[in-house]
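Heads up: the structure comes next, in C-alpha cells.
The values are calculated or read from the model by the stated rules, or taken from the named source; none is laboratory data. Given the structure is predicted, the values throughout are model-derived calculations rather than measurements. Using ideal geometry, Cβ is built from the backbone for each residue, glycine included, and neighbour counts are taken over all protein chains shown. Surface areas here come from the heavy atoms of the whole protein model, side chains and all, with no ligands, DNA or RNA. Shrake-Rupley method; radii C 1.70, N 1.55, O 1.52, S 1.80 Å.
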Amino acid sequence: MGQKSPYKPIALVVEDDVWEREWAVVLLEESEMGVLQCDSAEEALRILEKMGGCVSLMFTDVNLAGKIDGVELAHLATQCCPNIHVVVTSGRALTKSLPEGAIFMPKPWLPLDVLREAERSQH
C-alpha cells in the first residue's frame, strides 16, 4: 500500500468575480488541494514566479482585473510551468486559441467538472 504524500497539491484560482472565485476555492479545497487565489493575471504571474513548480492546477476566467486576460495568462503559465494543468473558463465563446493541453470549461460550470479537473491535475 502506498503512502499518502504529506504535501497537498496546490491550485491557483484566478477570477475577478469574488463569488465565483470563492466557489471554485471551496470546491478545490474539498478535493484536498491547497488553494491560492487572486483576481488578476499579473498577480497570478507573480505567484507562479515564486511557486510555479508547486502549482499543479491553474483555474482561470478569461476576463480578469488588470491588462492581461486569462487566455494570455494560460499561454504565459504553460511557458514558465510546463507541467501545470490549465483550465480556462468563460461565459462566452473563446475568440483566441488556448495553449496545447489547456482545457476550456464554459460557464456556468458544474462542481463535478471542476473536481474532475482537480483530480486530473494530480496525475
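List of remarks:
- A Förster radius of 35 Å combined with the Cβ-Cβ distance from ARG116 to GLU42 puts the calculated FRET efficiency at roughly 0.75.
- With eigenvalues of the C-alpha gyration tensor scaled by 5 and rooted, the chain, Å: 21, 16, 14
- Between LEU76 and MET105, the FRET efficiency from the beta-carbon distance, with R0 = 22 Å, is close to 0.70.
- Note on the range 9-51: along the principal axes its Cα atoms extend 26, 24, 6 Å, ordered by decreasing extent.
- Centre separation in Å (Cα based) which lies between the range 85-123 and the range 37-67: 15 Å
- Think of a 1.4 Å ball rolled over the protein heavy atoms: the chain then has 59 Å² of accessible area per residue.
- Computed on the range 36-80, the Cα convex hull volume stands at 63 Å³ per residue.
- Of all stretches in the chain that contain no trypsin sites (Lys or Arg not before Pro) in a DSSP loop with at most 14 other Cβ atoms within 10 Å, the longest one is 5-66.
- Value of relative contact order over the chain, rounded to a whole percent, pairs C-alpha under 8 Å and six or more apart: 24 percent
- Portion, in percent, of the accessible area of the chain that falls on carbon or sulfur, probe 1.4 Å: 53 percent
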